[in-house]
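First up is the structure itself, then whatever we jot down about it.
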């Protein structure tokens with residue numbers, strides 16, 4: 001019994017593959033750089049201005065770090081079939 005491959009343009013794997021191609025290595029480096037800058041801005045804001053620094057320190061930098069980890073652990077390592 002041989003299984004015929006089917007092309008499903010809207011599958012989750014296909015969507016991740018298209019995003020991975022668009023995101024690429026250059027955007028990964030930009031996401032890391034912006035995340036690091038947000039952490040530094042957050043630390044500075046905590047010292048100088050108080051509670052608003054938590055927004056940068058955890059909120060905005062966390063988004064960039066999550067995207068970077070998602071690309072590194074899931075999108076970059078997806079197997080090609």
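Laboratory data are not the source of any read-out in this text; all were calculated from the coordinates shown. Model, not experiment: these values are computed from the prediction. Cβ atoms come from the backbone with ideal geometry, glycine included; neighbour counts cover every protein chain shown.
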Completion exercise
Of the candidates 31, 17, the one satisfying the condition of being in contact (Cβ under 8 Å) with a residue 24 or more places away in the chain, outside any loop (DSSP other than H, G, I, E, B), over 11 Å from the mean Cα position of the chain (by Cα) and surrounded by 13 or more Cβ atoms within 10 Å (Cβ to Cβ) is 17
Exercise for the section: Kindly establish whether residue 26 is surrounded by fewer than 10 Cβ atoms within 10 Å (Cβ to Cβ), in a helix (DSSP H, G or I) and at negative phi. Expected result: yes
Fill in the blank from the handout: Inside segment 1-45, the number of residues satisfying the requirement of being in contact with a helix residue (DSSP H, G or I) (Cβ under 7 Å, 6 or more places away or on another chain) and within 16 Å of residue 75 (Cα to Cα) is 7
Practice task
Tell me, yes or no, whether segment 57-70 has at least one residue that is under 22 Å from the mean Cα position of the chain (by Cα), loosely packed, with under 11 Cβ neighbours inside 10 Å and over 15 Å from residue 24 (Cα atoms).
Solution key: no
